[in-house]
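A short write-up of the structure that comes next.
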Amino acid sequence: MRKLRNQQCRLGAVHESTGLAKCDRNSYRESSCREEGPMPEAGATLAQIAEAAGVSIPTVSRVLNGKPGISAPKREEIERLLEDRGYARRKPRRGTPLIDFVISSLETQWATELLRGAQAEAARAGADLVLNATDGRPAGSPDWIERISARGTDGVVLVVSELEPQARRELSRLQVPVVAIDPIGSDTESFVTVSATDWVGGREATEHLLALGHRRIGFITGPITLECHQDRLDGYTSALGRAGIAADPSLVRQGDSLIAGGQRFGGELLDLTDRPTAIISGSDEQAYGVYLAARERGLRIPEDLSVVGFDDVDLCRWVSPQLTTVRQPLSSMAAEATRLLLKLAAGEEVASPTVRLASKLIVRDSTAAPAS
């Protein structure tokens with residue numbers, strides 16, 4: 001499977017001429033990307049300037065970006081400190097909106113779809129996109145906050161990532177809006193959020209298998225801290241209950257959405273004495289791991305085991321048999337998050353702080369009636 005690891009630099013280079021995406025020079029991993037405009041080097045940092053002036057970092061940032069709300073004497077003092085202490089200013093962006101797109105990983109086809117949607121909407125709006133990969137760590141290091149402040153980022157699209165508490169506070173003080181795609185946890189009241197109808201997707205996947213005659217249906221979630229995976233699991237449990245089947249905790253595993261996780265946890269389910277006749281996976285790539293686990297045990301799909309995934313990435317049509325899955329409108333979700341963020345950055349209101357786009361069950365060849 002083609003992976004996206006360490007493609008930040010190449011992605012930025014491809015789109016540099018169109019202004020669609022640029023790489024952040026130190027976006028949570030080492031990179032040799034060329035960054036637009038100079039950054040503070042040997043000179044003072046924003047924090048040092050703020051301390052000397054007796055103000056906050058956001059106040060210094062407002063001076064750098066020419067924003068109002070600061071008295072003339074204090075503005076002059078900060079300007080003098082910036083000059084005297086050798087702060088290396090970035091070049092002005094001439095009004096072009098700038099968005100930081102923060103995503104947990106670049107290694108999956110799922111990430112490709114999200115990036116495609118965000119870039120398309122950024123291009124349509126004439127905005128620049130800075131790509132940041134957190135490698136699963138919380139976003140919001142002090143260096144990142146300083147870079148956001150220095151370059152005048154208009155907003156952050158946060159994809160299945162969480163912010164450090166200090167970063168959350170600093171972004172609020174900087175008046176930098178955040179739109180979260182598939183947020184982590186429940187502490188998201190200050191964000192506009194975009195997701196799919198995950199509960200419905202989990203229910204429809206389960207009902208499809210029940211209609212085929214399956215009664216022992218396994219479920220491997222993705223990272224359970226994500227609200228979307230909690231909702232999918234709840235939809236599965238609800239469908240079983242409506243069919244009069246008690247949920248069996250031994251048939252549920254908390255996975256990681258990766259191939260290795262599907263192979264490991266799928267293997268655990270298939271090694272049960274009374275193994276499931278069908279397994280739903282929280283992602284398509286994890287579902288492929290279930291394929292591998294089944295084949296290691298001499299089981300055929302779908303004759304001996306039915307498998308359902310989530311997302312509907314290209315992998316679904318590459319594997320044999322082609323994978324039944326719940327289609328998530330990933331590209332549309334990222335485009336909508338980018339559009340909403342640009343509205344917030346322009347000071348406009350959005351119709352709702354929570355946006356859910358419809359998922360859809362796509363039936364292919366990996367599901368069939370259980371063997372008698």
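The values are calculated or read from the model by the stated rules, or taken from the named source; none is laboratory data. Values in this document were obtained by computation on a predicted structure and should not be read as measured data. With ideal geometry, Cβ positions are generated from the backbone for all residues, glycine too; neighbour counts draw on all protein chains shown. With ligands, DNA and RNA removed, areas are computed over all heavy atoms of the protein, side chains included. Shrake-Rupley method; radii C 1.70, N 1.55, O 1.52, S 1.80 Å.
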Subject >> Rotationally averaged projected area of segment 235-293 (alpha carbon convex hull; nm²) >> reply: 3.9
Original post:
If you take the C-alpha gyration tensor of segment 73-165, multiply each eigenvalue by 5 and take the square root, what semi-axes do you get, largest first, in whole Å?
Top reply: 30, 17, 9
Subject >> Probe 1.4 Å, protein heavy atoms only - accessible area per residue of segment 132-267 in square angstrom >> reply: 38
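Using the beta-carbon distance between ARG169 and SER352 and R0 = 25 Å, what value does 1/(1 + (r/R0)^6) give for FRET efficiency, to the nearest 0.05?
Working: r = 25 Å, r/R0 = 1.00.
E(calc), rounded to 0.05, equals 0.50.
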Subject >> Net charge contributed by nearby residues that have their C-beta within less than 10 Å of GLY202 (K/R +1, D/E -1) >> reply: -3
Subject >> More than 17 angstrom apart: percent of Cα pairs within segment 268-335 >> reply: 40
Original post:
Any idea what diffusion coefficient segment 213-366 gets from Stokes-Einstein, in µm²/s, Kirkwood Rh on alpha carbon pairs, 10 °C, 1.306 mPa s?
Top reply: 97
Subject >> Rg(Cα) / (2.2 N^0.38 Å) computed for segment 152-284, rounded to two decimals >> reply: 1.27
**OP:** Over the alpha-carbon set of segment 174-233, work out the extent along each principal axis and list the three values in angstrom, largest first.
**Re:** 55, 17, 12
**OP:** Could you list the residues of segment 208-251 with an amide nitrogen less than 18 Å from a label point located 7 Å from the Cα of ARG297 in the Cα-to-C-beta direction?
**Re:** 214-221, 248-251
Original post:
Given labels modelled 7 Å from the Cα in the Cβ direction, how far is it in nm from THR225 to GLU79?
Top reply: 4.5
Original post:
Can you list residues whose amide H is under 5 Å from VAL326's amide H, if they're 5+ apart or on another chain and H is modeled 1.01 Å from N?
Top reply: GLY309, PHE310, ASP311, ASP312, ILE362
**OP:** Can you pull a Stokes-Einstein diffusion coefficient for segment 315-372 at 37 °C (0.692 mPa s), Rh from Kirkwood over Cα pairs, as a whole number of µm²/s?
**Re:** 229
**OP:** Once you have the Cα-Cα distance between ALA47 and ASP143, take 0.36 nm times their residue separation minus that, and quote the gain in nm to one decimal.
**Re:** 33.5 nm
